[in-house]
1. Round to a whole angstrom and tell me the spacing of the C-alpha centers of the stretch 361-395 and the stretch 308-353.
2. Would you work out the relative contact order for the stretch 312-381, in percent, from Cα pairs under 8 angstrom that are 6 or more residues apart?
3. So for each of 291-297, 71-77, 422-428, 258-264 I average, over its residues, the number of other beta carbons within 10 Å; can you give me the resulting order with the highest mean first?
4. For the stretch 19-107, what's the relative contact order in percent, using C-alpha pairs closer than 8 Å and at least 6 residues apart?
5. Rounded to whole Å and sorted largest first, list the principal axis extents of the Cα atoms in the chain.
6. How would you order 38-50, 298-310 from highest to lowest mean count of nearby Cβ atoms within 10 Å?
7. Along the Cα-to-C-beta direction of residue 377, a point sits 7 Å from the Cα; which residues of the stretch 217-235 have their amide N less than 16 Å from that point?
8. Just need the relative contact order of the chain here, percent rounded to a whole number, with Cα pairs under 8 Å and 6+ apart.
Ligand code: PLP
């Protein structure tokens, strides 16, 4: 192996990224000593920033007692305590936590639980799942089949299950028609979802799956008021389950523990991950309602699924401490306050920018969308890879931000996503917007 050549199969096969050698709160430290302000928390996961002493101590304490015990033989103290913390008070009726190693696993577990539930209650014909076009639910084959990101799906299309179909996303900036009110838009989307149930046969649909605030593929897109209530009604009317994927937008990122709390509904099944463990360990969870789990317990008695690393004791200990810190330091209030500041600053900096078409998001989960023309909302030519250029320039200027290429049927273009740690200061927020502004101006 030649000097400098990496044997790691990196995301890019042409470039090896710089080495990260340290972390310090909102800062990441590269090998050459550069300090990068982690304005997107990686991909919206480092909610407590880096090297939080309480989380490091909890991991070390657990590692010194027990690093691993297989879940077919044992449960563990941190797994039990984490599940209790997550669903002990049954938020929205969610009563059980299935602890896995990340977001895709959590989504796949949710899809499989829904399928098994209907078999167990004597409705095996419910084999269809409805999702939305701009969504991202993970990269494993089941989760990828649920997702609606054309670019990620394309090479693997022959391997993706036809059990999933996709409807129009609740993406007002691109999908709302001229002259249409928000209420009309919601009514149109609801009618389309209803029509999809009818096309498939309402008794054949197991579940509808959606991200309450769409993350990676569309850039922090919340649904218009009333959309999720309409979706919940349709699912209930047809006896289908509602699966919400809060892998990116959940665990406090939008200012409430769960983003669905702001929609006046609750899911039957939920996927969480990133902010659950804050990046300290690979962990995700599928949360399920009591009636689903009870039906399976009264039926076959076992969820036909499992992974070697599920409920890993050190991962559970890390996530438990992350969630305790969020509570003890009242960080959800901080997310709300800093989120308002971030939105205000982005609006001041980019509100009149001729290439920023939209500024959107909730809490500390905000994005700007770049367009070639504000009037027509036409995106930049994707071959320019504008968001990658902004990411690279921002990085040189000491800012880590998350670029994302839109893939809403070719209509949505480049956006830049910000998801700073909840422990950020007001000065950090100002610095993020200042550095992003310079990067956008330099890139255009
Ligand atoms: N679901 C959503 C909404 C996501 O944003 C992601 C990752 O970005 C996933 C699922 C997949 O999670 P993971 O990358 O941990 O497998």
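1. Comparing the Cα centres of the stretch 361-395 and the stretch 308-353, I get a distance of 23 Å.
2. On the way: 64 pairs, mean separation 14.7, N = 70.
In percent, rounded to a whole number, it is 21.
3. Values: 291-297: 16.3, 71-77: 12.7, 422-428: 18.0, 258-264: 20.1.
Put in order of decreasing packing, that is 258-264, 422-428, 291-297, 71-77.
4. Working: 61 pairs, mean separation 12.9, N = 89.
Here the relative contact order equals 14 percent.
5. That works out to 62, 60, 48 Å along the principal axes.
6. Numbers: 38-50: 24.5, 298-310: 13.5.
In decreasing order of mean packing, 38-50, 298-310 become 38-50, 298-310.
7. Answer for the stretch 217-235: 218-225.
8. Numbers: 914 pairs, mean separation 98.8, N = 444.
Worked out over the chain, it gives 22 percent.
FYI, it's all coordinate maths here, none of it is from the lab. Keep in mind that what you see is a predicted model, and the values were worked out from it rather than measured. Here Cβ is always computed from backbone atoms with ideal geometry, including for glycine, and neighbour counts include all displayed protein chains.
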